[in-house]
């Protein structure tokens, strides 16, 4: 099933982050706050605006992801690459900490 | 090489201080992102998919060893140990933190470098022939004029908010190695019948979503009129260029919609009003800049040719590298060496900090302390004695920098694409890597001969796909990467925009499709001397379309 999560880049270093269920911005998509219906998506959008105002993140976007068992799989390749790192440098980005992942 | 005067030092230092303050205010929350974004862009700081990106200007692609070492140092200490040389002769760092940017700019300023004019709707970093000052076929060195344009355009109050970005390229030879006809202004240095130096002036070229070949607006412009005439062109554009639609805002659209004759009339009228003003350059001012680019005093090294003959005989791999990567120098005892940043299966344009340091060391010892960056994403050692080629080759070999493929099918231009770029729709680099691996054998490459493949991951065409002999454009269709092929493009003096072949190919299919095109070329070329581009120009698209899509493809 396709659901939505909120993603952004951290202000200080530009690193891709996702809004967690605990209200913190997480370095990995696991544990991201999932919106399953329109009201929840609106809440995500509001949270995004608040985060921009509080100066933590930039380039905030609601994105489509698929729930696959316990993990979240972004629908667009762009988002899968953001989640992991450059597909041509597996030693860089978040995938360097999680070597089993594969964006493409 | 150009050296900063007191004004330049003060100007760049002031910009670093100003940006440092802006970054501090942004991190403290005193500036919003909306307020800060145009400020960071004016200092070369972009946001990509994984991090910020800093684009460093390398004016007309010229670097000293000291500057290259500084680029290596920044890669090592503020980034992830590498940098990416771009099709605009710039360098991009893919991972710097925002808080470090002022320090990085400070480091750059210490070696007379900066990130100005690498973004925004201003006159961008001026590019030039990467063989400038060295090539045997050169009429005059284009870099003094590129430097004059740089000084004139930096923070130009009238031209800081143009309808869109504005790119100028200068070449000093009949053979266009700077792709001037796909720039907003292209300048070709030439001599008139009286032996005076001037420019053929082209306006309104560009790639992007609406590719156009520039129109020649003047066959000969005396060098003293460079700034008055350029001012006239940019003024006409600034006044009449469209600001209602960003996709129609480049000067190429204005030229197209206005018509060449009328645009020339407008430029000439504007020029008449200003041609004898302060911007008309006295010869002594040109000479003062020219002096910075005076050709180095090269020692006579006639022993090189006999030495080279025996070295070539002893090592076929070295001979292949000399044939492919060394081009004629003005001085017959010397050669111009292209250092390929396209190892087989590698990432086009990437160089590690150690490779940058090595190139700096080689340039210092064997190339008069000079390095060039080419728009084809390679590095160049402009002044290497023929007698030193073997030792330079051996040094390059130690860190994977001696790939003998300049101008061949594996010398591929590729933009960063979706692996890094926030604008991209598809990946470019992995396609380049797979094509490079497919055609990587030296014998096969050599048999195919000159063939320029250029790949972009979106319609903005940073990978110059429109002027690739084989151009590849990545798009996103139904969530998948799809690659469109165009054929017959060329960015040289006979400039053409490639023709799209037809339906696109999936990521799995694209390398096979390129191979199909190349195999058809090998079948139908008149002889081994006929290049891919010449064959395409002789026979057109039909044989290639037939090979890709079958005989019915041309029926419609």
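The values are calculated or read from the model by the stated rules, or taken from the named source; none is laboratory data. Everything numeric here is computed off the predicted structure, so don't read it as measured data. Here the Cβ positions follow ideal geometry from the backbone for every residue, glycine too, while neighbour counts run over all protein chains shown.
Output yes when any residue across segment B:384-391 is in contact with a strand residue (DSSP E or B) (Cβ under 8 Å, 6 or more places away or on another chain) and outside the structural domain of residue B:348 (by TED's automatic domain parsing), and no when none is. Looking through segment B:384-391, none of the residues is in contact with a strand residue (DSSP E or B) (Cβ under 8 Å, 6 or more places away or on another chain) and outside the structural domain of residue B:348 (by TED's automatic domain parsing).
Taking segment B:311-413 as the region of interest, the helices (runs of 4 or more DSSP H) fully inside it that hold 2 or more residues being closer than 30 Å to residue B:292 by Cα, in contact (Cβ under 8 Å) with a residue 12 or more places away in the chain and touching a helix residue (DSSP H, G or I) at 6+ places or on another chain (Cβ under 8 Å) are B:353-366, B:389-397. With respect to being more than 9 Å from chain B (Cβ to nearest Cβ) and surrounded by 15 or more Cβ atoms within 10 Å (Cβ to Cβ), residue A:48 fits the description. If you go through segment B:108-131, how many residues are touching a strand residue (DSSP E or B) at 6+ places or on another chain (Cβ under 9 Å) and in a helix (DSSP H, G or I)? Residues flagged as touching a strand residue (DSSP E or B) at 6+ places or on another chain (Cβ under 9 Å) and in a helix (DSSP H, G or I) within segment B:108-131 amount to 1.
Residue A:73 fulfils the conditions (1) over 11 Å from the mean Cα position of the chain (by Cα); (2) farther than 17 Å from residue B:52 by Cα; (3) at pLDDT 95 or above except for a single criterion, (1). For segment B:465-489, the candidate set comprises residues that are within 14 Å of chain A (Cβ to nearest Cβ) and touching a residue at least 40 places away in the same chain (Cβ under 8 Å); within that set, the residue that is farthest from residue B:453 (Cα to Cα) is B:476.
Might you let me know whether segment A:84-103 holds any residue that is more than 30 Å from residue B:345 (Cβ to Cβ) and more than 14 Å from chain B (Cβ to nearest Cβ)? No: segment A:84-103 contains no residue that is more than 30 Å from residue B:345 (Cβ to Cβ) and more than 14 Å from chain B (Cβ to nearest Cβ). Considering (1) modelled with pLDDT under 95; (2) crowded, with 16+ Cβ neighbours inside 10 Å; (3) at positive phi, the lone condition that residue A:85 does not fulfil carries the number (1). Please go through segment B:122-135 and give me each residue that is modelled with pLDDT of 95 or more and either under 21 Å from residue B:9 (Cβ atoms) or over 19 Å from the mean Cα position of the chain (by Cα) (or both), ordered by number. B:126, the sole residue that qualifies.
Residues that are touching a helix residue (DSSP H, G or I) at 6+ places or on another chain (Cβ under 8 Å) and in a loop (DSSP other than H, G, I, E, B) within segment B:500-540 comprise B:501, B:502, B:503, B:507, B:525, B:526, B:528, B:530, listed in sequence order.
Each residue in segment B:289-310 was checked for being free of Cβ contacts under 8 Å to residues at least 12 places away in the same chain and in contact with a helix residue (DSSP H, G or I) (Cβ under 9 Å, 6 or more places away or on another chain), and 1 of them qualify.
Taking the listed residues B:476, B:493, B:508, the one that is under 22 Å from residue B:175 (Cβ atoms) and in the same structural domain as residue B:424 (by TED's automatic domain parsing) is B:493, with no other qualifying. Among the numbered conditions (1) free of Cβ contacts under 8 Å to residues at least 60 places away in the same chain; (2) away from chain A (no Cβ under 14 Å); (3) within 23 Å of the chain's Cα centre (by Cα), the only one that residue B:504 does not meet is (3).
Could you say which residue among B:138, B:107 is surrounded by fewer than 22 Cβ atoms within 10 Å (Cβ to Cβ) and in contact with a helix residue (DSSP H, G or I) (Cβ under 7 Å, 6 or more places away or on another chain)? Result: B:107 is the single residue among B:138, B:107 that is surrounded by fewer than 22 Cβ atoms within 10 Å (Cβ to Cβ) and in contact with a helix residue (DSSP H, G or I) (Cβ under 7 Å, 6 or more places away or on another chain). Condition check for residue A:63 on (1) touching a helix residue (DSSP H, G or I) at 6+ places or on another chain (Cβ under 7 Å); (2) more than 11 Å from every other protein chain (Cβ to nearest Cβ); (3) over 19 Å from residue B:420 (Cβ atoms): one failure, at (3). For segment B:62-102, filtered to residues that are under 23 Å from residue B:26 (Cβ atoms), within 14 Å of chain A (Cβ to nearest Cβ) and in a helix (DSSP H, G or I), the residue that is farthest from the chain's Cα centre (by Cα) is B:99.
Going by the structure shown, is residue A:12 under 27 Å from residue B:417 (Cα atoms), in contact (Cβ under 8 Å) with a residue 12 or more places away in the chain and not in a strand (DSSP E or B)? In short, no.
None of B:426, B:422 is touching a helix residue (DSSP H, G or I) at 6+ places or on another chain (Cβ under 9 Å), surrounded by 22 or more Cβ atoms within 10 Å (Cβ to Cβ) and in a loop (DSSP other than H, G, I, E, B) except B:426.
Scanning segment A:66-79 for residues that are at the interface with another protein chain (Cβ under 10 Å from one of its Cβ atoms) and either surrounded by 19 or more Cβ atoms within 10 Å (Cβ to Cβ) or without any contact (Cβ under 8 Å) to a residue 24 or more places away in the chain (or both) yields A:76, A:77, A:78, A:79. Kindly indicate the residue of segment A:1-35 that is buried (at least 20 other Cβ atoms within 10 Å of the Cβ) and within 13 Å of chain B (Cβ to nearest Cβ) and also farthest from residue A:66 (Cα to Cα) among those meeting that condition. Restricting to residues being buried (at least 20 other Cβ atoms within 10 Å of the Cβ) and within 13 Å of chain B (Cβ to nearest Cβ), the top hit is A:11.
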